[in-house]
Amino acid sequence: MQIGIDLGGTKIEAAALEGSAGIRLRRRRASPRGDYEGTLRTIRDLVLGLEAELGEPGSVGVGIPGTISPHSGLVKNANSTWLIGRPLDRDLAEALARPVRVANDANCFALSEAVDGAAAGARVVFGVILGTGVGGGLVVREQPLVGPHAIAGEWGHNPLPWPEDGERPGPECYCGKRGCIETFLSGPGLSRDHAAATGERLAVEEIAARAAAGEAAAIASLERHADRLARGLATIINVVDPDAVVLGGGLSNLERLYAELPGRLQGYVFSDVCRTPVVAARHGDSSGVRGAAWLWRPEELSAALGADGGARAP
């Protein structure tokens, strides 16, 4: 059994998978924001709870909104800032008495969608998470591309391309810079942009509902968002030229994106034509937790659990 954990800014989800049979059981809890020790306890309790219900141990993979630095062994680049500077993989291994693999959540998402999701069969896949933050993951031949700094695919903390006068210098980002793609394309970024234009702070769902009802201001906010997304994705296509782009996260549910992006991309991509498919995740919000579970392949389970099939100390 492979257990995946999707550690997000608002929720922590755990799921137990059994090979091609898919998800056997899943549980979800609110993230203990700002509480590192509480985060460890929540993950431990979710894992042990799944094992107790199913009556068997599992390997554990965790997707996080950041990454483990190959240099320091500590979490970096996490918008869940209470994780930064912590040895999360080692602390979880101690709490669970077994080795634990930790990877960027966008890499987990892209892996799931590249293996048997919306981009199954594509050689190079760029997976995008548009949610509380903005992440990206690259998968090549069903293997995440990580890089020596463990930052491959991190497009959210590049500046918004081809900025207009009203977009400079851009909002402040938690990373310490201004005008990052994340500050424009995340859920909070879209809400902030709508408030700046209208004086009314709304959740993304309400903006989408008003746009569907024909409200001009809401439509304009979604059009600005779509154009900024096209600019951001165009730089990825210009550099990597992936076979497919898969969108996930809460904002991937904005159906109008899939109609608008092809035409908008054509205006920014450095090519006579742009036919890169941009598609919604097949597995929806399950992709992150599925990809995290697959950080341990079935053939590695004996190493994760010990030769006798029980969890062991790392």
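Does any residue of region 205-218 turn out to be closer than 27 Å to ARG290 by Cβ and out of contact with any Gly (no Cβ under 7 Å at 6 or more places or on another chain)?
First, pick out the residues of region 205-218 that are closer than 27 Å to ARG290 by Cβ: 205, 208.
Pick out the ones that are also out of contact with any Gly (no Cβ under 7 Å at 6 or more places or on another chain) and you get 205, 208.
Yes, there is a match, as at least one residue in region 205-218 is closer than 27 Å to ARG290 by Cβ and out of contact with any Gly (no Cβ under 7 Å at 6 or more places or on another chain).
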What are the residues in region 236-288 that are under 20 Å from GLU142 (Cα atoms) and of a type in the set (D, E, K, R), if any?
ASP241, ASP243, ARG282, ASP285
Picking from ALA16, ALA52, the residue that is modelled with pLDDT of 95 or more and in contact with a Leu (Cβ under 8 Å, 6 or more places away or on another chain) would be ALA16
Output the number of residues of region 138-192 satisfying the condition of being among the polar types (S, T, N, Q), closer than 26 Å to SER69 by Cβ and touching a helix residue (DSSP H, G or I) at 6+ places or on another chain (Cβ under 7 Å).
2
Test PRO188 against the stated conditions and say whether it is outside any helix (DSSP H, G or I) and either in contact (Cβ under 8 Å) with a residue 24 or more places away in the chain or of a type outside the set (Phe, Trp, Tyr) (or both).
no
Meets criteria (within 17 Å of LEU111 (Cα to Cα), touching a Pro at 6+ places or on another chain (Cβ under 9 Å) and surrounded by 15 or more Cβ atoms within 10 Å (Cβ to Cβ)) for LEU17
no
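From the list LEU50, LEU40, LEU92, LEU25, which one is within 25 Å of SER252 (Cα to Cα), outside the structural domain of LYS177 (by TED's automatic domain parsing) and not in a loop (DSSP other than H, G, I, E, B)?
LEU25
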Quick check on my filter: what residues within region 234-252 are closer than 14 Å to GLY131 by Cα and among the small types (Gly, Ala, Ser)?
GLY248, GLY249, GLY250, SER252
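The values are calculated or read from the model by the stated rules, or taken from the named source; none is laboratory data. No experiment lies behind these values; they were computed from the predicted model shown. Note: ideal-geometry Cβ built from the backbone for every residue, glycine included; neighbour counts use all protein chains shown.
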